[in-house]
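The values are calculated or read from the model by the stated rules, or taken from the named source; none is laboratory data. Everything numeric here is computed off the predicted structure, so don't read it as measured data. Because the Cβ atoms are built from the backbone with ideal geometry, glycine has one as well, and the counts that use them run over all protein chains shown.
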Ligand SMILES: Cc1ncc(COP(=O)(O)O)c(C=O)c1O
């Protein structure tokens, strides 16, 4: 089927929840994808921070193939070996003692919200059910997670929302402290706000949030759906702050594109869940776990985290140089390969011009160009993107 036919077929039959670019991607390898016409693109979107190992990574492909030929799915009523192995990999490399598997970031956050409430109900008192989340946060699209999300545009038209959520400005410790009441059971926060615009808090912010949670005996839930699995140059972004959360959520890059979500917790908190309290038919199934195991093993074995930090610094430095050439760049910021270039003007036109020149980038919040490329990109790829951006921004 040709491009126009595929687009028409999709528009006729798929609900109108995405504003899509008029290209049809059909193939990928490493940091590159190709459309149905054979045009090549350098992919600095990577499925929005999903394909951290690049597209069709040989280890991930081999693992999925082998598993698909062996056993695809059984119920969680039975033990699943790769599920146990992925849980062990996550536990060994994080603060956590136990893992719950699901299929997306929103589901991981749903599970976290439920676990926090259940733990609080049993251990802190039934009057403690409220979670404090951050303005400009993003936690997903289910009813609980749009409620947790501190942006009205995602909640509009879906009221009534859930009870028990309050919002404070991100990176504002005084506001957080002031918002804690006798009803508060926890704080939910992204280490860096992704959809909100790659907002990076002060270096000490997370550590201070941890201290506040400890002082008030409430839980710290870290949403690492976007920042996790190496994106910021550490396996998990909370590691930059040398703290330990009580609960953490993952998804996006965990399965290299295979849908996997996970909610991790310390033993103490995890004990609040008993058989029947929470479940997911597909959570942790064979195929998902084959993808996640190959992804984690590859990230841990290859020196991707160090490279991510170095390439991120290089990219940031080049973007900062660009700032002197283009007045429309308001600010450049980032950590690892989670980078933003905030403009004074709408970014859609720049994204389109880059796409025409064979470079895929993303724009969030209207004016913020977001770069979340595969961690395997080269310095030469960064130079290509800088040149293309230069041209796109210089063009009237
Ligand atoms: C920080 C964060 N949490 C949760 C989600 C929701 O994840 P999903 O789209 O897999 O439900 C996202 C998605 O962008 C995210 O960035």
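Within the range 338-366, work out how many residues are in a loop (DSSP other than H, G, I, E, B), in contact with a strand residue (DSSP E or B) (Cβ under 7 Å, 6 or more places away or on another chain) and closer than 26 Å to residue 227 by Cβ. Before you say what the answer is, go through the steps one by one.
Kept after step one, since they are in a loop (DSSP other than H, G, I, E, B), are these residues of the range 338-366: 344-347, 357-358, 361, 365-366.
Those left that are additionally in contact with a strand residue (DSSP E or B) (Cβ under 7 Å, 6 or more places away or on another chain): 344, 347, 358, 361.
Within this subset, residues satisfying the condition of being closer than 26 Å to residue 227 by Cβ are 347, 361.
Summing the residues that are in a loop (DSSP other than H, G, I, E, B), in contact with a strand residue (DSSP E or B) (Cβ under 7 Å, 6 or more places away or on another chain) and closer than 26 Å to residue 227 by Cβ in the range 338-366 gives 2.
Is the range 33-49 home to any residue that is within 16 Å of the ligand (Cβ to nearest atom), closer than 30 Å to residue 348 by Cα and either touching a helix residue (DSSP H, G or I) at 6+ places or on another chain (Cβ under 6 Å) or outside any helix (DSSP H, G or I) (or both)? Step through it out loud before you land on a result.
To start, the set of residues in the range 33-49 that are within 16 Å of the ligand (Cβ to nearest atom) comprises 45-49.
Still in the list and also closer than 30 Å to residue 348 by Cα: 45-49.
Keeping just the survivors that are either touching a helix residue (DSSP H, G or I) at 6+ places or on another chain (Cβ under 6 Å) or outside any helix (DSSP H, G or I) (or both) gives 45, 49.
Yes; the residues of the range 33-49 include at least one that is within 16 Å of the ligand (Cβ to nearest atom), closer than 30 Å to residue 348 by Cα and either touching a helix residue (DSSP H, G or I) at 6+ places or on another chain (Cβ under 6 Å) or outside any helix (DSSP H, G or I) (or both).
For the range 64-83, state whether one or more residues are at pLDDT 95 or above, crowded, with 24+ Cβ neighbours inside 10 Å and within 24 Å of residue 304 (Cα to Cα).
Applying the first criterion (at pLDDT 95 or above) to the range 64-83 yields 64-83.
Remaining after also requiring crowded, with 24+ Cβ neighbours inside 10 Å: none.
Checked against the condition, which is being at pLDDT 95 or above, crowded, with 24+ Cβ neighbours inside 10 Å and within 24 Å of residue 304 (Cα to Cα), the range 64-83 yields no hits at all.
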Quiz item: So which of 176, 131, 161 ends up being modelled with pLDDT of 95 or more, assigned to a loop (DSSP other than H, G, I, E, B) and either out of contact with any strand residue (DSSP E or B) (no Cβ under 6 Å at 6 or more places or on another chain) or more than 12 Å from the ligand (Cβ to nearest atom) (or both)?
Solution: 161
Exercise. Go through the range 90-124 and give me each residue that's in a loop (DSSP other than H, G, I, E, B) and more than 16 Å from the ligand (Cβ to nearest atom).
Key: 93, 94, 95, 96, 97, 124
Quiz item: Going by the conditions given, is residue 386 touching a helix residue (DSSP H, G or I) at 6+ places or on another chain (Cβ under 6 Å), surrounded by fewer than 21 Cβ atoms within 10 Å (Cβ to Cβ) and assigned to a helix (DSSP H, G or I)?
Solution: yes
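What's the total number of residues in the range 238-253 that are crowded, with 24+ Cβ neighbours inside 10 Å, more than 10 Å from the ligand (Cβ to nearest atom) and part of a helix (DSSP H, G or I)? Reasoning before the result, please.
Residues of the range 238-253 that are crowded, with 24+ Cβ neighbours inside 10 Å, as a first pass: 238, 245-253.
Of the ones still in play, those that are also more than 10 Å from the ligand (Cβ to nearest atom) are 238, 245-248, 253.
Filter again for part of a helix (DSSP H, G or I), leaving 238, 253.
Of the residues in the range 238-253, 2 are crowded, with 24+ Cβ neighbours inside 10 Å, more than 10 Å from the ligand (Cβ to nearest atom) and part of a helix (DSSP H, G or I).
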Quiz item: Which is in a strand (DSSP E or B) and closer than 22 Å to residue 114 by Cα, of 279, 272, 262?
Solution: 262
Exercise. May I ask you to list the residues in the range 297-325 that are more than 18 Å from residue 338 (Cβ to Cβ) and in contact with a helix residue (DSSP H, G or I) (Cβ under 6 Å, 6 or more places away or on another chain)?
Key: 298
Quiz prompt | Enumeration of residues in the range 196-209 that are surrounded by fewer than 23 Cβ atoms within 10 Å (Cβ to Cβ) and within 22 Å of residue 114 (Cβ to Cβ) | solution = none
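Residues checked against (1) touching a helix residue (DSSP H, G or I) at 6+ places or on another chain (Cβ under 7 Å); (2) at pLDDT 95 or above; (3) more than 23 Å from residue 273 (Cβ to Cβ); (4) within 12 Å of the ligand (Cβ to nearest atom):
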{"residue": "187", "(1), (2), (3), (4)": "yes, yes, no, no"}
{"residue": "197", "(1), (2), (3), (4)": "no, yes, yes, yes"}
{"residue": "200", "(1), (2), (3), (4)": "no, yes, yes, no"}
{"residue": "209", "(1), (2), (3), (4)": "yes, yes, yes, no"}
{"residue": "218", "(1), (2), (3), (4)": "no, yes, no, no"}
{"residue": "231", "(1), (2), (3), (4)": "yes, yes, yes, yes"}
Quiz item: When the range 179-224 is examined, which residues are found to be assigned to a loop (DSSP other than H, G, I, E, B), more than 21 Å from the chain's Cα centre (by Cα) and on the phi < 0 side of the Ramachandran plot?
Solution: 180, 181, 182, 183, 204, 218
